[in-house]
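Right, one structure below, let's go through it.
The values are calculated or read from the model by the stated rules, or taken from the named source; none is laboratory data. Predicted model, so just to flag it, every value in this text is computed and none were measured. Here the Cβ is made from the backbone with ideal geometry for all residues, glycine too, and neighbour counts use every protein chain on show.
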Amino acid sequence: MIYSALLILTMIIAAVAACWLKDLLNVVIACAAVSLIASLLFYLLQAPDVAMAEAAIGAGLTTAIFVLAIRRTGRYEE
């Protein structure tokens, strides 16, 4: 119970940070953290298949695509 509460609090902090940050690469990293914490929560809720899919697609593939897109465009918000 305590682990879940700490993970949820950390997830909320990372989500708020993603909304307020100006550097797009930092925003992508914060979103990846939210996705990774969500996968940990799914694992704690005894859904390992959903946790693996969230970690692979949400934290891995989506983050890689966003980083590649940022490399081709501007990194900082104007």
* To do: For SER4, state whether it is assigned to a helix (DSSP H, G or I), polar (S, T, N, Q) and more than 14 Å from the chain's Cα centre (by Cα).
  => yes
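Just checking, does segment 8-27 include any residue being out of contact with any Pro (no Cβ under 8 Å at 6 or more places or on another chain), of a type in the set (Ser, Thr, Tyr) and at pLDDT below 90? Break it down stepwise before answering.
First, the residues of segment 8-27 that are out of contact with any Pro (no Cβ under 8 Å at 6 or more places or on another chain): 8-27.
Now restrict to residues that are of a type in the set (Ser, Thr, Tyr): 10.
Filter once more, so that each one left must be at pLDDT below 90: none.
No.
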* Asked: Filter segment 10-33 for residues that are in contact (Cβ under 8 Å) with a residue 24 or more places away in the chain and outside any helix (DSSP H, G or I); which is surrounded by the fewest Cβ atoms within 10 Å (Cβ to Cβ)?
  -> LYS22
* Please go through segment 36-49 and pick out each residue that is assigned to a helix (DSSP H, G or I) and more than 23 Å from ILE13 (Cβ to Cβ). => PRO48, ASP49
